[in-house]
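**Q** There's a structure below that I have some questions on.
The values are calculated or read from the model by the stated rules, or taken from the named source; none is laboratory data. Keep in mind that what you see is a predicted model, and the values were worked out from it rather than measured. Please note: Cβ atoms are built from the backbone with ideal geometry, for glycine as well, and neighbour counts cover all protein chains shown.
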Amino acid sequence: MVADDSLLIREAARQMLGDTPGIELVDVCPDGTELLRAVERHRPDVVVTDARMPPGGDDEGLRFAIDARSAYPDLGVILLTQYAEPSFGAALLKGDARGRAYLLKERITDRAELRAAIEVVARGGTVIDPEIVREILAAPGSQRADPLGELTPRELEILAEMAQGKSNSAIARTLVLTKHAVEKHIGSIFLKLELGDEQDVSRRVAAVLAFLALD
């Protein structure tokens, strides 16, 4: 299901997802009020929603994503944003990042990237747009927080890939590294960020949150 007050975005979603194998687009909504009704009616697996929509016009999509944690625990939510907004990312992923994605709105026109995000979120994974990662990293003061400053350029690069929900094998292919080299770098990242012995998936999420200074 897609929710956005822009007719252009809604039509783009219809084109991108309407005939995408493995994905059924059950409804397209123009505002938060209709989104709530449609979710109750269709009970979708994933909702792709703009962060800012009527009737509130400020953070309607974000509030839906947060409230859905208790109302629809198994629902995945992909939050779309026009610009990187760290505070929105922090609120979206706070406490439990499972089944959540934070993407730039332009991804709605890239069938492969949007489908990949939908599949990751549907499985309970987490995706953060790499461009959002880069924008936040480039912002003044983004490297002031320790121990992020201790990470090497390669480790930061791998962390940015992890933010996209990629597996070690996928990261290795993207960066032209061996899988063993990627695993070694990730082990070093976990060590420097003092993430302890949590399960691998949760450690990845914690690492990405630390990287974006969202926690």
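**Q** Restricting to the range 40-62, name every residue that is surrounded by 15 or more Cβ atoms within 10 Å (Cβ to Cβ) and among the basic types (Lys, Arg).
**A** ARG52
**Q** If I filter the range 196-213 for residues that are modelled with pLDDT of 70 or more, part of a helix (DSSP H, G or I) and exposed (fewer than 13 other Cβ atoms within 10 Å of the Cβ), do I get at least one hit?
**A** no
**Q** Return yes or no: is MET1 buried (at least 20 other Cβ atoms within 10 Å of the Cβ), out of contact with any strand residue (DSSP E or B) (no Cβ under 7 Å at 6 or more places or on another chain), hydrophobic (A, V, I, L, M, F, W, C) and within 17 Å of GLU113 (Cα to Cα)?
**A** The answer is no for MET1.
**Q** Restricting to the range 1-26, give me the number of residues that are more than 22 Å from GLU40 (Cβ to Cβ) and part of a loop (DSSP other than H, G, I, E, B).
**A** 5
**Q** Could you tell me whether the range 56-69 includes any residue that is in contact with a Lys or Arg (Cβ under 9 Å, 6 or more places away or on another chain), closer than 21 Å to ARG123 by Cβ and touching a residue at least 60 places away in the same chain (Cβ under 8 Å)?
**A** no
**Q** Can you find even one residue in the range 146-156 that is among the acidic types (Asp, Glu), surrounded by fewer than 16 Cβ atoms within 10 Å (Cβ to Cβ), more than 19 Å from the chain's Cα centre (by Cα) and at pLDDT below 85?
**A** The answer is yes, given that some residue of the range 146-156 is among the acidic types (Asp, Glu), surrounded by fewer than 16 Cβ atoms within 10 Å (Cβ to Cβ), more than 19 Å from the chain's Cα centre (by Cα) and at pLDDT below 85.
**Q** Scan the range 148-193 for residues that are without any contact (Cβ under 8 Å) to a residue 24 or more places away in the chain and in a helix (DSSP H, G or I) and report the count.
**A** 19
**Q** If you take the residues in the range 34-90 that are farther than 24 Å from ARG14 by Cα and of a type in the set (A, V, I, L, M, F, W, C), which one is modelled with the lowest pLDDT?
**A** Here the answer is ALA90.
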